[in-house]
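Below: one structure, written as structure tokens.
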Amino acid sequence: MCEEIDNNRRRFLGAAALGIAATQFTLMSSAKAEANGAKTPILAPVTPVGNTSFAPLKQIDAGAMNVGYAEAGPSGGPAVILVHGWPYDIYSFVDVAPLLASAGYRVIVPYLRGYGTTRFLSSETPRNGQQSVIAVDILALMDALKIQKAILGGFDWGARTVDIMAALWPERCKALVSVSGYLIGSQEAGKSPLPPKAELQWWYQYYFATERGRAGYDKYRHDFAKLIWQLASPKWNFSDETFDRSAAAFDNPDHVAISIHNYRWRLGLAQGEAKYDVLEKRLAQAPVINVPTITMEGDANGAPHPDPSSYAKKFSGKYAHRNITGGVGHNLPQEAPQAFAQAIIDVDAY
């Protein structure tokens, strides 16, 4: 009974924080309809809030790294961990975090390995970007922060990471919000060629497979990242100030090595670490995710992404998919923060 009251209170506070009580009613009704197999609703985002900073960042030793992270909300609130992608950073959640904090959640937004103020504790640690290791990093962060269970949300690399955590360690994941759905892959799957038009979207993956590509990304990483932002979110008119806030995170000394290794590993051109082989074998089986989940997609996502119908059956628990309209691209949390925050609040109540 107490948990039910707490959930209802958080949903009420969430609606007040978002300032869209009518929209909340629509979203809650849509989620219920989705769970009952009704047609996927089309949801419109609200204008971004416009925050430009977090509270002073924190640092903590976790696993192989000293992790930099933003934190918002009450320390005793239900934990929400938000995971960014490439080439983005924690500012993808700069509007989402205060919305959730005002609804009573403890929000943690970490810089991934190779970004911002996150640093390896040892120069001997391989600069490994394979998919499982990033999930292991987040698990280590949860342990360091003494968070036993959290709601997880992410997009791009972050969506893949939270998908992996929900699949391999469901006891640590209360619920899941994943932009572009089920993104768990394998090196074996990466061997299968795609139709030419689909391969074209992955041009940078093949560029990174070459030494010229590594050197080019290192030399032009800010210009490269801005081009990716423009291609992935063609209708998002972000400012130079918005981009520059995130671009500072790419000056991390390990950023290029982690980025290049990630894409080369996907193509089987770089080895992972043997100690993660067991995890990768499990992931190669495309495990079903059974925690409550909401998947999301923007109507103007210019980055490679699967059709929602292709992954719906990979979620066996309470599940809903939401399409967000209005020219929303790949960086959905930053482009439509209210819609993303509402998904977190709603999936918590599933």
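Spin-label point model (7 Å from Cα, Cβ direction): what's the LYS149 to LEU121 distance in nm?
Computed distance between label sites LYS149 and LEU121 equals 2.8 nm.
I need the phi-derived Karplus couplings for the stretch 85-92: 6.51 cos²θ - 1.76 cosθ + 1.60, θ = phi - 60°, integer Hz, Gly and Pro marked x.
So the J values, rounded to whole Hz, are x, 10, x, 10, 7, 5, 5, 4.
In the Gaussian network model of the chain, springs joining C-alpha atoms below 10 Å, which of GLY104, GLY154, GLY185 carries the largest mean-square fluctuation?
Taking springs between Cα atoms under 10 Å, the residue moving most is GLY185.
For the chain, what does the relative contact order come out to in percent, with C-alpha contacts under 8 Å and a separation of six or more?
After rounding, I find 25 percent.
Using a Gaussian network model of the chain whose springs link C-alpha atoms within less than 10 Å, name the residue from PRO196, PRO126, PRO337 with the highest mean-square fluctuation.
Its mean-square fluctuation being the largest, the pick is PRO196.
Treating the angle as unsigned and between 0 and 90°, give the value, to the nearest 10°, between the Cα long axis of helix 255-266 and the longest Cα principal axis of the chain.
The helix 255-266 is inclined about 90 degrees to the chain.
Give the average over all directions of the projected area of the C-alpha convex hull of the stretch 247-350, one decimal, in nm².
Averaging across all directions leaves 8.9 nm² for the Cα convex hull.
Output the 0 to 90 degree angle, nearest 10, between the alpha-carbon long axis of helix 2-18 and the longest principal axis computed from the alpha carbons of the chain.
Value to nearest ten degrees: 80.
In nanometres, what is the gap between the two model label sites at TRP169 and SER239, each 7 Å from Cα along Cα-to-Cβ?
3.8
Before I look further, what does the chain give for accessible area per residue, probe 1.4 Å, in whole square angstrom? Please list the in-between numbers first.
Details: 14740 Å² over 350 residues.
Result: 42 Å² of accessible area for each residue.
Mean projection of the alpha-carbon convex hull of the stretch 116-262 over all orientations, in nm²?
Over every viewing direction, the Cα hull of the stretch 116-262 projects on average to 10.5 nm².
Once every DSSP H run of n ≥ 4 in the chain is given -39500 (n - 2.57) and the sum is divided by its residues, what mean residue ellipticity at 222 nm do you get, rounded to the nearest 500 deg cm²/dmol? Walk me through the numbers on the way to the answer.
Working: 15 runs with 146 residues, N = 350.
After summing the helix terms and dividing by residue count, I get -12000 deg cm²/dmol.
By accessible area of protein heavy atoms, probe 1.4 Å, what ranking do SER246, SER53 get, highest first?
Working: SER246 0, SER53 75 Å².
Heavy-atom accessible area, descending, gives SER53, SER246.
Among LYS191/LYS313; LYS149/LYS314; LYS58/LYS235; LYS219/LYS281, which pairs are too far apart, with a Cα-Cα distance over 30 Å?
With Cα atoms farther than 30 Å apart: LYS58/LYS235; LYS219/LYS281.
Under a point spin-label approximation (7 Å from Cα along Cα-to-Cβ), what is the ASP218-ASP307 distance to one decimal in nm?
The answer from the label model is 4.2 nm.
Distance from a point 7 Å along Cα→Cβ of ASN290 to each backbone N in the stretch 317-347: keep the residues under 12 Å and list them by number.
317-318
When averaged across all projection directions, what area in nm² does the alpha-carbon convex hull of the chain cover?
Average of the hull's projected areas for the chain equals 16.3 nm².
Looking only at the stretch 225-258, which residues have a backbone nitrogen under 19 Å from a spot 7 Å from the Cα of LEU57 in the C-beta direction?
Within reach of a label on LEU57: 225-226, 241-258.
Would you kindly derive the ³J(HN,Hα) couplings of the stretch 218-228 from the backbone phi angles with the Karplus curve 6.51 cos²θ - 1.76 cosθ + 1.60 (θ = phi - 60°), listing them in order in whole Hz, with x for Gly and Pro?
Running phi through 6.51 cos²θ - 1.76 cosθ + 1.60 with θ = phi - 60° gives 4, 6, 10, 4, 5, 5, 5, 4, 5, 4, 4 Hz.
Using a 1.4 Å probe on the protein chains only, how many percent of the accessible area of the stretch 67-214 belongs to carbon and sulfur? Present the calculation step by step, with values, prior to reporting the outcome.
Numbers: 2760 of 4880 Å².
Looking at the stretch 67-214 in its full context, I get 57 percent from C and S.
The values are calculated or read from the model by the stated rules, or taken from the named source; none is laboratory data. Please read all numbers here as calculations on a predicted model, not as lab measurements. Ideal geometry is used to build each Cβ from the backbone, glycine not excepted, and the neighbour counts take in all protein chains shown. Areas reflect the complete protein model, heavy atoms only, side chains present, ligands, DNA and RNA absent. Shrake-Rupley method; radii C 1.70, N 1.55, O 1.52, S 1.80 Å.
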